[in-house]
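Just so you know, all these numbers are worked out from the coordinates, no wet-lab data involved. Bear in mind that the values here come from a model prediction, so they are computed numbers and not experimental data. No Cβ is skipped: glycine too gets one built from the backbone with ideal geometry, and neighbour counts run over all protein chains shown.
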Amino acid sequence: MIRPAAPADVEELLGLVVDLATYEREPDAVTMSAPMLHAALFTDGAAHCEVAEAGGEVVGFALWYPTFSTWTGVPGIHLEDLYVRPEHRGGGHGRALLTRLAAICLERGWARLEWDVLTWNEPAIGFYRSLGALPQEEWRTFRLAGTALAALTAPGR
């Protein structure tokens, strides 16, 4: 079953985010707190989240936010994180979460559903390809963060 995340899910979702960070070989990278996640999802509207349930337990999630394409002139979805607990993989939860996001795009007249994947994550890449998703290999993600982000705003820069 796929449903929108509820405030009562926040602690469970934060645990899944930590599990995802561990899987992605960055176990100490999560600095987000439960209040921060709650605010992003239910106060600020900065992000949205769908959860997958099995037997009344949250077993996966898809956290996303709207984007905008100047080429198409309409919004789309950027999937920030998709994660299903290892013991629940292969049960259709990941596909169901992506299907829900695709449906949101179509319901709203949005043009794209996009996400990033680590180049070494072959199981995920194979799964995405099986759905018909194509890599955008001519594009490379760039990021400013930490001191580089602050340095850009320094006077005289």
Completion exercise
In order over region 73-89: 3J(HN,Hα) from phi, Karplus 6.51/-1.76/1.60, θ = phi - 60°, whole Hz, x for each Gly or Pro, gives x, 9, x, x, 10, 9, 7, 6, 9, 10, 8, 10, 3, x, 6, 10, 5
Problem - log10 of Debye I(q)/I(0), alpha-carbon scatterers only, for region 70-157 at 0.12, 0.21, 0.26 Å⁻¹ - result: -0.53, -1.12, -1.40
Completion exercise
Note, region 44-55: 3J(HN,Hα) by Karplus (6.51, -1.76, 1.60, θ = phi - 60°), whole Hz, Gly/Pro = x, goes 7, x, 5, 8, 10, 8, 10, 10, 9, 10, 9, x
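Rounded to the nearest 5, what % of the DSSP beta bridges within region 7-157 are antiparallel ones?
The antiparallel fraction comes to roughly 85 percent.
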Exercise for the section: Please state the charge dipole magnitude for region 2-152, taken about the Cα centre, from unit charges on C-beta atoms (+1 on K and R, -1 on D and E), reported in debye and rounded to the nearest 20. Expected result: 460 debye
Exercise for the section: Evaluate the distance, in nm, between pseudo-label points positioned 7 Å from the Cα of Ala133 and of Thr72 along their respective Cα→Cβ axes. Expected result: 1.5 nm
Practice task
Starting from the coordinates of the alpha-carbon atoms of the chain, obtain the Kirkwood hydrodynamic radius over all distinct pairs and give the value in Å to one decimal.
Solution key: 17.1 Å
Handout entry: MRE, 222 nm, helices only [DSSP H, n ≥ 4, -39500 (n - 2.57), over the chain, to nearest 500]
Key = -9500 deg cm²/dmol
Fill in the blank from the handout: HN-Hα couplings for region 94-106 via Karplus (6.51, -1.76, 1.60; θ = phi - 60°), in whole Hz with x for Gly/Pro, come out as x, 4, 5, 5, 5, 4, 5, 5, 4, 5, 4, 4, 5
